[in-house]
Amino acid sequence: MGLVNRLAPLGVALAVAMTTSLPAAADLTIEQSLALALSAERAAMRGMTSTLVSRATTPLDDPAAILRYDASYLMTMPQSSDSAVQCLQEAIYHESRGEDVYGQFAVAEVILNRVDLPNYPNTVCGVVHQNAQYLNGCQFSYACNGRSRALTDPGAARLAGAIAQIMLSGAPRELTDGATHFHTTGVRPRWAAAFHRTAQFGSHLFYREPVRLTSN
């Protein structure tokens, strides 16, 4: 249903464009009608991300991609005791368990994108717990706000664990366009004005940090 809901605006936009902007069919040649219809379709398509369009038009090319975002399938996966999986699971759980599957995958992407960058720790646990020793001074607020890190909701914990395993197994990071930061709509951190916003899932906004150039 998540994909269907995200593609719904495409159909609405196309219908509106065709019914409000096209002249009466009797006044147009077949070629003109077709050209206008195609133009309206292209305008509607520009409102959809390439990821969602690709997933809708070529689903059989990668059936695992469909299962990857299927919460019922994810809940059947066995749990892992790997430390990196558990660190990523912990972060997904605490930072985004209120979001749908896409929002939780998006948070996982941010963490793994940081692992790949030289200005962050090079391990998942290192990124997740960066500066956790400082009260309210860490990268992910749950890690240093003084509250328990326990995963007390079994269902949400299982889902987060499955997402962590899939992402660490090399699944494509296709949702956030290289995002390195996120925040909820209820706050407005200072850095948000300087970073490029790449996506929104539910109440979470995602941003890509500008590339840092070093001088010789």
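Any read-out appearing in this document is the output of simple, stated calculations on the displayed coordinates, not a laboratory observation. Since the model is a prediction, treat every value here as computed from it, not as a measurement. All Cβ positions, glycine included, derive from the backbone under ideal geometry; neighbour counts span all protein chains shown.
Summary table below
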quantity	calculated
Of every Cα-Cα pair in the range 71-208, the percent that sits beyond 19 Å	48
In sequence order, calculated HN-Hα J values of the range 168-176 (Karplus, 6.51, -1.76, 1.60; Hz; x Gly/Pro)	6, 7, x, 4, x, 9, 10, 9, 10
Placed amide H near Ala199: partners under 5 Å, 5+ positions off or other chain	Phe206
Per-peptide average of other Cβ atoms within 10 Å, ordering 184-191, 142-149, 96-103, 67-74 highest first	96-103, 67-74, 142-149, 184-191
Per-residue ³J(HN,Hα) for the range 139-154, Karplus 6.51 cos²θ - 1.76 cosθ + 1.60, θ = phi - 60°, Hz, x for Gly and Pro	7, 10, 4, 4, 6, 9, 8, x, 8, 5, 8, 4, 8, 8, 9, x
